[in-house]
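Here the structure comes first, spelled out in structure tokens, and everything after it is commentary.
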Amino acid sequence: MKSLVILISGRGSNMQALLESELSARVAAVISNNPHAAGLEIAKKHNIETCIVDHRMYQDRAEFDLLLANKIDSYQPYLVVLAGFMRVLGDSFINKYNGRLINIHPSLLPAFPGLGTHKQALEKGVKLHGCTVHFVTRKVDHGPIIIQAAVPVLPDDTAEILAERVLLQEHRILPEAVNLFMEGRLKITGNNVEICDNISDNSVLSKLEVYK
Ligand code: GAR
């Protein structure tokens, strides 16, 4: 069975959603850059191997990225999932995992990349907000979109209430996207991801060459 590695930084609810879904893949390990990430305990309860690559222990991003990549590679994953991983990764890291690195982001990209997405959505007065699973490319929060889910923004929403509504959808679309990837059903043309009935395992990889 193909395997994946999940990277987290904190609470780990998206990771938990993956661990509790019927995945067509085995979770080989959960890696955190934050030794105090609550998600590490959740992973241990699910008997998943955990490890910490603490970014504060390294001189610069390049060194951190290298050590992180070495740790990931020790599990030989088919896919790497950023599930609430809050460090920006450098170009060489992203190039190395080109086509097999996906991220969940709490907005309808390309709206509201970066942090504080729910607050921004309220400030801008949008009527729909949501979440996105996308391939990671060198431009942060801009890679080809695999799945999005939209939720309404309601008159009495606070950022916290809106975040909870979005999070429920995150927990639904992240496992779905992982399964589509594992089943070889994602075909990328330019910036578009088509969901196919069945395609070969390496189609995603070849189409993503364009982003190198
Ligand atoms: C999630 O909402 C995820 O979309 C977001 O952080 C939260 C992590 O929660 N990720 C980003 O903002 C990445 N740009 P979790 O640890 O409970 O999954």
Within the range 67-98, the residues that are touching a residue at least 12 places away in the same chain (Cβ under 8 Å), closer than 23 Å to Leu40 by Cβ and open to solvent by 80 Å² or more (accessible area, probe 1.4 Å) are Gln76, Met86, Arg87
Can you tell me which residues in the range 56-115 are assigned to a loop (DSSP other than H, G, I, E, B) and among the hydroxyl-bearing types (Ser, Thr, Tyr)? Tyr58, Ser74, Tyr75, Tyr78, Tyr97, Ser107
Considering (1) in contact with a Lys or Arg (Cβ under 9 Å, 6 or more places away or on another chain); (2) surrounded by 18 or more Cβ atoms within 10 Å (Cβ to Cβ); (3) part of a helix (DSSP H, G or I), say which one Asn179 fails and leave the rest. (2)
Looking at Leu154, is it over 22 Å from Ser9 (Cα atoms), open to solvent by 40 Å² or more (accessible area, probe 1.4 Å), out of contact with any helix residue (DSSP H, G or I) (no Cβ under 6 Å at 6 or more places or on another chain) and part of a loop (DSSP other than H, G, I, E, B)? yes
Could you tell me how many of the residues in the range 1-40 are near the ligand (Cβ under 10 Å from one of its atoms), out of contact with any Gly (no Cβ under 9 Å at 6 or more places or on another chain) and open to solvent by 10 Å² or more (accessible area, probe 1.4 Å)? 1
With the requirement that a residue be over 18 Å from the mean Cα position of the chain (by Cα) and surrounded by 13 or more Cβ atoms within 10 Å (Cβ to Cβ), what does the range 52-61 give you? Asp54, His55, Tyr58, Arg61
Among the residues in the range 183-200, are any modelled with pLDDT of 95 or more, touching a Lys or Arg at 6+ places or on another chain (Cβ under 8 Å), over 22 Å from Glu22 (Cα atoms) and within 16 Å of the ligand (Cβ to nearest atom)? no
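The values are calculated or read from the model by the stated rules, or taken from the named source; none is laboratory data. Nothing here was measured: the structure is a model prediction, and the numbers come from that model. A quick note on method: Cβ atoms are made from the backbone with ideal geometry, for glycine too, and the neighbour counts reach across all protein chains shown. The protein model used for the area step is the full one, side chains on, heavy atoms only, and it has no ligands, DNA or RNA in it. Shrake-Rupley method; radii C 1.70, N 1.55, O 1.52, S 1.80 Å.
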